[in-house]
Ligand code: AMP
């Protein structure tokens, strides 16, 4: 089903308000195709590059699915770099702005104590780089026992950067009955291996090159 409008999706008033405040009028192709299966709890593989709106494609259903009465981490997003983790966390925070859902980025290069304080106060969604996520797991400052949704963003880049063992270690600490989604610009053998190992009958969404540009982005050459 291709969704034409955010209002056609079963989203709460507060999430729709956040989307509106971001200035989004209509879902981009990757959003139109992945939000519904993610809301239904299915695993999703999205082949999509940056600029397609993929962050909101997984961020919107994740925020919508958080149980506010549970203060434990329910959503985990893994991303290859500090910059990306910060950017994703900011984007999801803006979507969740009117909902009370708390989001925290964790990444190397920043004092760990600040992140520990934030985690202690209770966050629903963690966006982490693999190395720092392992660090928090080993210190016992991050617990993933209540995680119901995992997103691997820019999976090809994470594998290129040598994070495969870290990803395996982290995913082995998350409950098995979680939802797993994976976004990647390219799908090579190693990315498929991760999909085979951790995903259950995933829905595959391919956003073709000529579809990926958002209408709002002006293109020149
Ligand atoms: P991303 O691919 O997630 O990095 O998003 C690329 C850019 O597109 C970001 O600046 C988003 O804020 C913007 N964007 C994402 N979804 C939409 C949408 N449905 N309408 C307009 N802009 C969007």
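The values are calculated or read from the model by the stated rules, or taken from the named source; none is laboratory data. Please read all numbers here as calculations on a predicted model, not as lab measurements. Please note: Cβ atoms are built from the backbone with ideal geometry, for glycine as well, and neighbour counts cover all protein chains shown.
A few comments on the model shown:
- Residue in segment 191-203 that is assigned to a strand (DSSP E or B) and surrounded by fewer than 21 Cβ atoms within 10 Å (Cβ to Cβ) present: yes
- Residue 83 surrounded by fewer than 23 Cβ atoms within 10 Å (Cβ to Cβ), within 23 Å of residue 187 (Cα to Cα) and without any contact (Cβ under 8 Å) to a residue 60 or more places away in the chain: yes
- Top-ranked residue in segment 117-140 [being more than 19 Å from residue 84 (Cβ to Cβ) and out of contact with any strand residue (DSSP E or B) (no Cβ under 8 Å at 6 or more places or on another chain); ranked as surrounded by the most Cβ atoms within 10 Å (Cβ to Cβ)]: 137
- Extreme residue, surrounded by the most Cβ atoms within 10 Å (Cβ to Cβ), among residues of segment 141-180 that are touching a residue at least 40 places away in the same chain (Cβ under 8 Å), touching a helix residue (DSSP H, G or I) at 6+ places or on another chain (Cβ under 6 Å) and within 17 Å of residue 44 (Cα to Cα): 151
- Enumeration of residues in segment 63-116 that are out of contact with any strand residue (DSSP E or B) (no Cβ under 7 Å at 6 or more places or on another chain), in a loop (DSSP other than H, G, I, E, B) and within 16 Å of the ligand (Cβ to nearest atom): 80, 81, 97
- Enumeration of residues in segment 174-221 that are within 16 Å of the ligand (Cβ to nearest atom) and modelled with pLDDT of 95 or more: 181, 182, 183, 184, 185, 186, 205
- Residue that is nearest to the chain's Cα centre (by Cα) [pool: residues in segment 1-60 that are at positive phi and either modelled with pLDDT of 95 or more or assigned to a helix (DSSP H, G or I) (or both)]: 53
- Scope segment 1-21; condition under 18 Å from residue 54 (Cα atoms) and loosely packed, with under 12 Cβ neighbours inside 10 Å; matching residues: 1, 2, 4, 5
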